[in-house]
1. For the stretch 7-99, take the convex hull of the Cα atoms, compute a quarter of its surface area, and give me that in nm², please.
2. Within the chain, how many Lys pairs sit with Cα atoms under 16 Å apart, leaving out pairs fewer than 8 places apart on the same chain?
3. Kirkwood hydrodynamic radius for the stretch 79-125: how many Å is it when counted over pairs of different Cα atoms?
4. Residue separation times 0.36 nm, minus the C-alpha to C-alpha distance between Ser99 and Asp59: what's the value?
5. Compute the relative contact order of the chain as a whole-number percentage, counting only Cα pairs closer than 8 Å that sit 6 or more residues apart in sequence.
6. Please list the three semi-axes, largest first and in whole Å, of the ellipsoid equivalent to the chain, using sqrt of 5 times the eigenvalues of its alpha carbon gyration tensor.
7. Once the Cα atoms of helix 2-16 and of the chain are each reduced to a long axis, what angle between those two axes, in degrees from 0 to 90 to the nearest 10, is obtained?
8. Could you tell me what percent of the accessible area of the chain is made up of carbon and sulfur, with a 1.4 Å probe and every protein chain present?
Amino acid sequence: GSILIMLIGFSVGIHSTMIYVDDNTSGLIIKKITGGDLKDGALVAINGENGPQAKILPDGYHFGYWPWIYDLEIIKNINIEKGSVGVVTAKDGKPLPESEIFAPSWKSLKEMLDGETFLRSGYKGPQLTVLTPGSYRYNPRLYDIEIQPALEIPVGSVGVIKSNVGEIFAPKA
């Protein structure tokens with residue numbers, strides 16, 4: 001009798017910490033208590049502070065998120081259609097160097113969109129790396145993503161590109 005009551009109590013306790021995230025969404029965890037305040041004007045927590053967490057939950061079942069400590073915000077994944085790109089602006093991160101307009105490019109979109117990785121080395125502001133067609137999990141508290149048409153130059157045509165990235169080249173007189 002008492003073992004059955006303990007098992008039911010344990011099951012109810014574990015079930016109350018369960019979060020389910022479906023295939024086309026991500027879970028943004030917001031810590032309410034026990035973590036301390038975000039520091040230095042940060043918007044997203046990387047070290048367990050209170051507030052929106054950098055890490056987002058992928059699809060599936062997740063346990064250990066006690067409802068009195070955490071809130072869950074379900075986020076739709078962003079879909080970039082063929083013929084478009086996603087222009088990313090980071091709301092948090094290291095300040096851009098004064099002479100730069102865009103953050104340096106990332107070798108991997110996965111690393112750039114991983115909030116914890118980004119906040120360890122990424123720069124706040126417009127990102128040089130864009131999202132190519134596909135579906136992406138992202139943290140909307142960390143990134144703004146604007147879908148723009150990809151520039152297509154037809155065969156036999158010429159395109160002129162003005163770059164706002166890198167050092168300014170001045171020809172010698």
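1. Dividing the Cα hull surface by four gives the mean projection, 8.7 nm².
2. Qualifying lysine pairs in the chain: 11.
3. About 11.7 Å, per the Kirkwood formula over Cα pairs.
4. Computed gain between Ser99 and Asp59 is 10.4 nm.
5. 23
6. 42, 21, 9
7. 20
8. Reported share for carbon and sulfur atoms: 58 percent.
The values are calculated or read from the model by the stated rules, or taken from the named source; none is laboratory data. Just so it is clear, the structure is predicted and the values come from calculations on it, not from any experiment. We place every Cβ from the backbone using ideal geometry, glycine too, and count neighbours over all the protein chains shown. Each accessible area value is taken on the protein alone, full model and side chains, heavy atoms only, with ligands, DNA and RNA left out. Shrake-Rupley method; radii C 1.70, N 1.55, O 1.52, S 1.80 Å.
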